[in-house]
Amino acid sequence: MTEEKGKYTTVSIPTPLAEKIKKRIEGTGFTSISSYVTYVLRELLASMEEEEKEEVFSKEDEEKIKERLRALGYLD
Amino acid sequence: MNRLPAPHGGKLIYRVNEEKNIDGMERIEISNDLAHDIENIAYGVFSPLEGFLCREDFENVLYNMRLSNDLPWTIPIVFDLKNMELKEGDEIVLFAKNGMVATFEIEEIYGYDKKEYAEKVFKTTDVQHPGVKKIMEMGSKLAGGKIELVKRGDEEFEEYHLMPHETRILFKEKGWKEIVAFQTRNVPHLGHEYVQKTALTFVDGIFINPIIGKKKKGDFKDEVIIKAYDALIKHYYLKDRAVLSILRTEMRYAGPREAIFHAIMRKNFGCTHFIVGRDHAGVGNYYKPYEAHDIFKEFPDLGITPIFFKSFFYCKKCGHVVNEKICPHENEYHIYYSGTAIRKMIRAGEVPPENMMRKEVAEIVMSYDNPFVD
């Protein structure tokens, strides 16, 4: 994993956990405990935000879109 | 109703305001290519972008392949100031020959290092690379800020042009929950069809989304690509399983970085999976054949699942299209699908054989005196 350039902050994790991570990343593409933790947290946070939350359009607008889709042959 | 994956950043951007009063604003003409990207911003193809990148985002994209809010983003979407005399705080009107009109609120003007830009995005500073050449021809300053679309451009093939708010409704209406996207800039040969159908077997539908716009000399013309796909889908796909829609944006030829960008755009269209082939968005020998596969490992938070394919070929002994995992026969039985070889054949007036290209597709390509971009 590429080391990133930019703003950073420090997060504390228990030393035994850091040791486990250090062993876990040996021989992988991760170059540091930080890059591994960053990767795992990004994955975790993204998995919580997977589904679409809100409809952008009103029912009326949605109907107009469906009409266009029908006119173009995308919908029957 | 089934729910599709959230757009990149959680919200589909929609910055269209046809009622906006633009009287008295300074007007600047831009290229149709840039106008396409403004439409892509306005209709959420580039969600979460609301305009052109300001410095902090631009630098984050260059160095970290992420926006300043940590969201994956690999290609800078920038406004080149060239020789325009504009200042921060100005709101101007941008218009293009295709009829597009938009407003641009200039939030920040900043300088940048062209070589660094080229090296980071294209992994080369060689001006033979089309993306590097473009950067080297740009001015010394960029402008960042939000845009608002007042009027869409009017161009050919609009009947094939869907925006994310439309595809999202279309996919829901079709009852599709898992959709695989296929990016292309070529007419389909049998290898493409095999890749698409292999992926389609495991999901509800395929979204075939050719890039239409500025390409390099020798690429297929837009019209040829669209007609060829129309024929392929008509004759060889189930109507309820495939959607063909164009994407108006230029090819950047940024290889691995562009593969991520292509995946993000398709996520915004509502797709759950994205096909990544050999030398995705590559040009010349600037990238390794499967470099675009490897880069996905750096983005566990992309929100769209890549499906990687290696090369497919026709095996004379198997009698159909196969790949290295499923064909036990020797090389002498294999016919490889090389885009370069197919283009060479077409240029020489030879019809590609049916073990390379569907006859309906070949007929369309061969009906053009010159199916390639000059």
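The values are calculated or read from the model by the stated rules, or taken from the named source; none is laboratory data. Fair warning: this is a prediction, and the values are worked out from it, not measured in the lab. For neighbour counting, all protein chains shown are included, and Cβ atoms are generated from backbone atoms with ideal geometry for every residue, glycine included.
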Q: Just need a number here: residues in the range B:47-64 that are within 12 Å of another protein chain (Cβ to nearest Cβ) and not in a loop (DSSP other than H, G, I, E, B).
A: 8
Q: Quick one: count up the residues across the range B:208-249 that are surrounded by fewer than 20 Cβ atoms within 10 Å (Cβ to Cβ), away from chain A (no Cβ under 14 Å) and over 19 Å from B:GLY191 (Cα atoms).
A: 8
Q: Any residue in the range B:63-88 that's among the polar types (S, T, N, Q): show its pairings with residues that are surrounded by fewer than 18 Cβ atoms within 10 Å (Cβ to Cβ) at Cβ separation under 6 Å, as long as the two are six or more apart or on different chains.
A: B:ASN64/A:GLU4; B:ASN64/A:GLY6; B:SER68/B:GLU56
Q: Collect the residues in the range B:164-184 that are surrounded by 18 or more Cβ atoms within 10 Å (Cβ to Cβ) and outside any helix (DSSP H, G or I), keeping them in residue-number order.
A: B:TRP176, B:ILE179, B:VAL180, B:ALA181, B:PHE182, B:GLN183, B:THR184
Q) Mind checking whether some residue in the range B:233-245 is within 18 Å of B:PRO130 (Cα to Cα) and not in a loop (DSSP other than H, G, I, E, B)? A) no
Q: Of the conditions (1) surrounded by 22 or more Cβ atoms within 10 Å (Cβ to Cβ); (2) part of a loop (DSSP other than H, G, I, E, B); (3) more than 14 Å from chain A (Cβ to nearest Cβ), B:LYS87 clears all except one; give me its number.
A: (1)
**Q.** Count - residues of the range A:51-67 that are modelled with pLDDT of 65 or more and more than 7 Å from chain B (Cβ to nearest Cβ)
**A.** 7
Q. Mind checking whether some residue in the range B:265-274 is surrounded by 24 or more Cβ atoms within 10 Å (Cβ to Cβ), outside any helix (DSSP H, G or I), away from chain A (no Cβ under 14 Å) and touching a residue at least 40 places away in the same chain (Cβ under 8 Å)?
A. yes
Q.
Here is a check on your reading of the model: is B:ILE22 part of a loop (DSSP other than H, G, I, E, B) and touching a strand residue (DSSP E or B) at 6+ places or on another chain (Cβ under 8 Å)?
A. yes
Q.
Among the residues in the range B:28-39, are any surrounded by fewer than 20 Cβ atoms within 10 Å (Cβ to Cβ), within 22 Å of B:TYR253 (Cα to Cα), among the charged types (D, E, K, R) and in contact (Cβ under 8 Å) with a residue 60 or more places away in the chain?
A. yes
Q. With respect to B:VAL127, is the statement that it is assigned to a loop (DSSP other than H, G, I, E, B), free of Cβ contacts under 8 Å to residues at least 24 places away in the same chain and among the aliphatic types (A, V, I, L, M) true?
A. yes
